[in-house]
1. Restricting to region 94-122, give me the number of residues that are more than 13 Å from residue 81 (Cβ to Cβ) and of a type in the set (S, T, N, Q).
2. Restricted to region 82-127, and to residues that are within 21 Å of residue 71 (Cβ to Cβ), within 24 Å of the chain's Cα centre (by Cα) and not acidic (Asp, Glu), which residue is surrounded by the most Cβ atoms within 10 Å (Cβ to Cβ)?
3. If you check residue 51 against the conditions, is it free of Cβ contacts under 8 Å to residues at least 24 places away in the same chain, of a type in the set (Asp, Glu), surrounded by 11 or more Cβ atoms within 10 Å (Cβ to Cβ) and closer than 30 Å to residue 39 by Cα?
4. Can you find, within region 1-37, the residue that is nearest to residue 61 (Cα to Cα) among those that are hydrophobic (A, V, I, L, M, F, W, C) and surrounded by fewer than 10 Cβ atoms within 10 Å (Cβ to Cβ)?
5. Do any helices (runs of 4 or more DSSP H) entirely within region 48-122 hold 3 or more residues that are touching a strand residue (DSSP E or B) at 6+ places or on another chain (Cβ under 8 Å), and if so, which?
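Just so it is clear, none of the values below were taken in a lab; they were calculated from the coordinates. All of these numbers come straight from a predicted model, not from anything done at the bench. Using ideal geometry, Cβ is built from the backbone for each residue, glycine included, and neighbour counts are taken over all protein chains shown.
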Amino acid sequence: MDLSNLKPAKGSVKKSKRIGRGQGSGKGGTSTRGHKGAQSRSGYSRKIGYEGGQMPLARRLPKFGFKNINRVEYKGINIETLQRLAEKHNITAINPEFLVKSGITSKNDRIKILGRGELKAKLEVTAHAFSASAKKAIEDLGGSVNII
């Protein structure tokens, strides 16, 4: 065997349909596009969600609810997570920069400290918001709460 006589398997390669090359080809005239209508014209592109004149799904389904544009989204972090971080890294101050560095939040997240779990370490916590139970748990141990 040599590379000069390699060719594809029989039946695996088909000739492309040459459209619009005269009547004799059988694919001239309308070039397989049918007669008239938007799809027969050059430059036609179907709109997203168009269903051939049928009432589109987006208009058939009922609309409800609303999106509050003033909503402030917080990333919730429980005090059990703070306790784990304090033990692991042996620290007393927790701030957003540290949480980003440890991979818990991302740079633009607003952070809210929540009260699930048990806190044993005295911590100085800086965040955007605190739940009442988290604030109480931190301050009961002599820690401090700083709101950004």
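1. Looking only at that region, the number is 3.
2. Residue satisfying both the conditions and the ranking: 111.
3. When the stated conditions are applied, residue 51 passes them.
4. Here the residue is 13.
5. Qualifying helices (runs of 4 or more DSSP H): 79-89.
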